[in-house]
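J.: I'd like to ask some things about the structure below.
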Amino acid sequence: MVQTLSLAIVIGNLGADPEIRTGQDGHRVALFRLATDSHRTDTHTGRRVPQTVWHRIVCHNDFLTDLLERRARKGQLVFVRGSYEARARTDHGPSEPKIVVSAQDGDVKILSEPGR
């Protein structure tokens with residue numbers, strides 16, 4: 001049987017401080033958004049137009065959740081590796097890619113200090 005892989009690697013800036021939630025079982029999860037920059041070509045003018053893409057990140061790793069709670073702040077450059085999930089939104093807003101960082105195969109690294 002052929003194995004498949006759904007892997008995402010994103011380096012972007014935190015849109016806000018991570019939100020930490022605790023489930024009824026005591027499991028803690030970090031939720032945050034990363035902004036990455038790209039360009040698209042305007043169909044009317046032919047010019048390249050800058051565009052920000054937002055990525056929703058859900059971190060299920062206890063060690064990384066603790067790290068994010070203590071050290072991650074809005075604006076910092078962050079590296080994320082996790083599985084990619086594409087889900088349609090029910091509120092008719094623009095869809096955002098969702099990246100899940102699990103305890104087994106994900107990673108988060110803070111690449112810059114706060115305020116830089």
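The values are calculated or read from the model by the stated rules, or taken from the named source; none is laboratory data. As the structure is a computational prediction, the values presented were derived from the model and not from experiment. When the accessible area is computed, the model is the full protein with side chains, heavy atoms only, and any ligands, DNA or RNA have been set aside. Shrake-Rupley method; radii C 1.70, N 1.55, O 1.52, S 1.80 Å.
J.: Pairs of alpha-carbon atoms within less than 8 angstrom and 6+ residues apart define the contacts here; what relative contact order does the chain have, in percent?
T.: Value for the chain: 29 percent.
J.: Another question, if that's okay. Hey, any idea what % of the chain's accessible area is carbon plus sulfur with a 1.4 Å probe?
T.: 50
J.: What residues qualify as long-range amide H neighbours of D17, i.e. H under 5 Å apart, gap of 5 or more or another chain, H built at 1.01 Å from N?
T.: The answer is K74.
J.: Right, something else. So what's the chain giving for Cα Rg divided by 2.2 N^0.38 Å, two decimals?
T.: In units of the globular-protein estimate, the chain measures up at 1.19.
J.: Counting only helical runs of four or more DSSP H residues, what would the 222 nm mean residue ellipticity of the chain come to if each run contributes -39,500 (n - 2.57) and the total is spread over all its residues?
T.: -2500 deg cm²/dmol
J.: Using Stokes-Einstein with the Kirkwood hydrodynamic radius over Cα pairs, what translational diffusion coefficient do you get for the stretch 13-75 at 20 °C and a viscosity of 1.002 mPa s, in µm²/s rounded to a whole number?
T.: Answer from the Stokes-Einstein relation: 159 µm²/s.
J.: What are the ³J(HN,Hα) values, in whole Hz, obtained from phi via the Karplus relation 6.51 cos²θ - 1.76 cosθ + 1.60 with θ = phi - 60°, for each residue of the stretch 79-84 in sequence order, with x given for Gly and Pro?
T.: Karplus values, whole Hz, x for Gly and Pro: 9, 9, 10, x, 7, 9.
J.: Taking the 0 to 90 degree range and rounding to the nearest ten, how far is the long axis of helix 62-71 tilted relative to the main principal axis of the chain, both from C-alpha atoms?
T.: 70
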